[in-house]
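In what follows, a single structure is set out as structure tokens and then discussed.
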Amino acid sequence: MQHVTLNTGARMPILGFGVYQIPADRTEQAVGSALAAGYRLLDTAAAYGNEEAVGLAIRRSGIPREDLFVTTKLWIQDAPAERNTRRAFETSLTRLGLDHVDLYLMHQPYGDVYGQWRAMEAVHREGLARAIGVANFSPDRLLDLVLNNEIAPAVNQIETHPFFQRTADHALMREHGVRHQAWGGFAEGRNDLFTHPVLAGIGAAHGKSVAQVVLRWLIQRDIVTIPKSVNPDRMAQNIDVFDFALTDDQMAAVAALDTGATLFFDHRDPEMVAWLSRRRLDG
Ligand code: NAP
């Protein structure tokens, strides 16, 4: 497994396993299979409702804690944000059954972002979150957070796939030492990604699947990726991407697929802000 180094000095696998939309009662099995397949980075969130199952799978695996990199995420908190963020973090730790997480992300760029961030800085200073970061932050919001706080985010996890490549976001993150992590690396299969002729053609040249081409393309862009699958064969396929490389021409062919637009939602769209802000989690 290839690793990247965060601005904390910590090492993070460049490829991990995401558990969004895996129902809680199927998550323990899926994570168990992923760990058996060799994944060591797990990406969950309070909002996914499956932190407990992730924790159970970790304990059942017998894999030493120090060999794992566990990420979870903070949902938007009511005021007072600092106190509620602390409580939400402790709830996540309890659900996971862990004494620390490797990365704690602010899931959405909404609410009292600065209050939430100060509480995240505090749990980081106490060693309870070895690194802290954000998700779904646009370049302007990210830069504001970087420039006006004591601790800069280690990671920004954003929608990134061949149809929405985030090159400007990537350049800004690189400039400020924020690691780019892709969510939805397969665009969840939208735009017929898994049968796209350009991606399939590159795959045929290497004897690899479209999924493997996409993951390889992300890795060669130095982007951390966390594909989700409930299928053990696909889990094995998705981690088997370290024995080939896209040529410069193939990287350019994938670069040409960028539409510059989201296939999911724009976090700066007022309707989206309102919709996500209405959601609150228990605990
Ligand atoms: P994704 O990884 O782009 O796509 C997952 C889909 O691809 C599933 O339907 C899966 O089906 C299928 N798939 C996986 N491997 C395949 C393969 N080799 N061949 C064919 N199909 C394959 O989508 P995602 O789950 O939205 O994103 C990945 C992770 O990013 C999430 O799990 C989550 O951890 C994180 N995320 C974060 C945010 C955020 O706001 N921060 C938002 C979304 C996601 P099967 O399961 O049936 O194999």
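The values are calculated or read from the model by the stated rules, or taken from the named source; none is laboratory data. Model, not experiment: these values are computed from the prediction. Please note: Cβ atoms are built from the backbone with ideal geometry, for glycine as well, and neighbour counts cover all protein chains shown.
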Qualifying residue in the stretch 198-211 (condition: surrounded by 21 or more Cβ atoms within 10 Å (Cβ to Cβ) and either among the hydroxyl-bearing types (Ser, Thr, Tyr) or within 22 Å of Leu42 (Cα to Cα) (or both)): yes
Selection from the stretch 164-180 of residues that are in contact with a strand residue (DSSP E or B) (Cβ under 9 Å, 6 or more places away or on another chain), without any contact (Cβ under 8 Å) to a residue 60 or more places away in the chain and not in a helix (DSSP H, G or I): Arg166, His180
Options Leu193, Leu263, Leu215, Leu199: the member that is in a loop (DSSP other than H, G, I, E, B) and either among the aliphatic types (A, V, I, L, M) or in contact with a Leu (Cβ under 8 Å, 6 or more places away or on another chain) (or both): Leu263
Any pair with Cβ under 6 angstrom, 6 or more apart, that starts in the stretch 8-37 at a residue that is modelled with pLDDT of 95 or more and ends at one that is within 12 Å of the ligand (Cβ to nearest atom) and part of a strand (DSSP E or B): Pro13/Leu41; Ile14/Val224; Leu15/Thr225; Gly16/Leu41; Gly16/Asp43; Phe17/Leu42; Gly18/Asp43; Ala34/Phe17
Going by what's in this entry, would Trp183 be described as modelled with pLDDT of 95 or more and either near the ligand (Cβ under 10 Å from one of its atoms) or of a type in the set (Asp, Glu) (or both)? yes
Considering the stretch 130-163 alone, what residues qualify as being farther than 22 Å from Val101 by Cα, surrounded by fewer than 23 Cβ atoms within 10 Å (Cβ to Cβ) and touching a residue at least 40 places away in the same chain (Cβ under 8 Å)? Ser138, Glu159, Phe163
Across the stretch 5-61, which residue is surrounded by the most Cβ atoms within 10 Å (Cβ to Cβ) among those that are within 14 Å of the ligand (Cβ to nearest atom) and polar (S, T, N, Q)? Thr44
Residue set Asp266, Asp233, Asp249; condition more than 13 Å from the ligand (Cβ to nearest atom) and out of contact with any His (no Cβ under 9 Å at 6 or more places or on another chain); output residue Asp249
